[in-house]
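The values are calculated or read from the model by the stated rules, or taken from the named source; none is laboratory data. Since the model is a prediction, treat every value here as computed from it, not as a measurement. Backbone-built Cβ (ideal geometry, glycine too); neighbour counts: all protein chains shown.
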Amino acid sequence: VFGKDITLILILNNLSIDQKTVKVDVSASTILYTRRAVSEILKATTSVDLGSKQGKHIQIKIPYSYYGKYLTTDKRIQVTALCEVMHMHGAKLLVEKTIILEDTNIIIKIPRRVVVNKAATLEISYANPLPEPVNRCILLVTLMNQQVKIHLAPLAPRERSKIYFEFTPRRTGPLQLQVDFSCDKFSHVKGFVTIAVAPA
């Protein structure tokens with residue numbers, strides 16, 4: 001989830017009866033959806049001794065403080081581990097993993113019954129998933145082909161807040177509501193719901 005530390009486990013297994021030493025070069029970069037690297041956020045090297053038929057786990061940790069300010073709106077991180085068996089010419093293995101971080105969710109609560117030409121109130125809940133405060137918070141609500149821009153108070157680290165939004169539907173049938181939350185540290189966290197408007 002966006003805003004939290006990322007932990008990966010690389011599992012190395014020695015399938016032979018001979019002892020092996022494996023050099024592991026790990027790197028991680030923020031990337032675009034096209035896989036083009038934007039910024040390198042981690043580079044580390046370690047060496048692991050594997051006995052006969054032995055397996056070992058290597059933990060790879062990427063704290064939010066490493067990737068937070070380098071992440072693009074695609075919220076993707078490419079992690080690469082190049083494993084080289086020492087003293088064996090050309091014995092290399094490349095492991096790649098693309099991580100797509102999930103946004104914090106927007107929760108929209110609608111009344112049990114929404115009736116045409118009668119005011120209805122929605123509850124819209126939004127959050128800051130980061131370990132730092134966020135400012136310049138804006139909620140963009142799109143309903144009945146109209147957009148309403150709501151300026152919100154700053155959010156403390158990991159804080160969730162909510163607002164109440166009143167509207168009056170002018171026709172019966174399904175009505176699409178879309179919510180877009182942005183602030184100074186991230187943007188375009190979306191939520192939507194379809195509201196069934198009943199006749200009066």
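So which residues in the stretch 28-63 are among the polar types (S, T, N, Q) and more than 18 Å from the chain's Cα centre (by Cα)? Show your work before the answer.
Of the stretch 28-63, the ones among the polar types (S, T, N, Q) are 29-30, 34, 39, 45-47, 52, 54, 59.
Across the stretch 28-63, the qualifying residues are T45, T46, S47, S52, Q54, Q59.
One residue stands out among those in the stretch 1-15 that are surrounded by 12 or more Cβ atoms within 10 Å (Cβ to Cβ) and under 18 Å from V48 (Cβ atoms): the one that is farthest from the chain's Cα centre (by Cα), which is N14. Filtered by the rule that a residue be in contact with a strand residue (DSSP E or B) (Cβ under 9 Å, 6 or more places away or on another chain), under 30 Å from P129 (Cα atoms) and not aliphatic (A, V, I, L, M), the stretch 3-35 gives D5, T7, S27, S29, T30, Y33, R35. The residue that is farthest from Y64 (Cα to Cα), among those in the stretch 111-142 that are surrounded by 15 or more Cβ atoms within 10 Å (Cβ to Cβ) and among the small types (G, A, S), is A120. Of all residues in the stretch 101-119, those satisfying the criterion of being over 25 Å from S182 (Cβ atoms) and out of contact with any Ser or Thr (no Cβ under 6 Å at 6 or more places or on another chain) are P111, R112, R113, V114, V115, N117, K118. Note on the stretch 1-105: enclosed strands (runs of 3 or more DSSP E) holding 2 or more residues that are among the acidic types (D, E) are 37-50. Picking from residues in the stretch 78-94 that are surrounded by 14 or more Cβ atoms within 10 Å (Cβ to Cβ) and in contact (Cβ under 8 Å) with a residue 60 or more places away in the chain, the one that is farthest from the chain's Cα centre (by Cα) is V85. The sole residue among K75, K69 that is at pLDDT below 90, surrounded by 12 or more Cβ atoms within 10 Å (Cβ to Cβ), charged (D, E, K, R) and within 26 Å of P129 (Cβ to Cβ) is K75. Taking each residue of the stretch 132-158 that is over 21 Å from T172 (Cα atoms) and looking for partners that are surrounded by 13 or more Cβ atoms within 10 Å (Cβ to Cβ) and of a type in the set (D, E, K, R) with beta-carbon atoms closer than 7 Å, six or more apart or interchain, yields V134/K185; L140/D180; P157/E132. For first residues located in the stretch 1-23 and touching a residue at least 24 places away in the same chain (Cβ under 8 Å), partners that are surrounded by 10 or more Cβ atoms within 10 Å (Cβ to Cβ) and of a type in the set (S, T, N, Q) and lie 6+ apart or on another chain with Cβ distances below 6 Å form the pairs N14/Q54; I17/S52; K20/N14; K23/S47. Exactly one residue out of T142, T80, T168, T121 is under 30 Å from Q59 (Cβ atoms), hydroxyl-bearing (S, T, Y) and out of contact with any Gly (no Cβ under 7 Å at 6 or more places or on another chain): that is T80.
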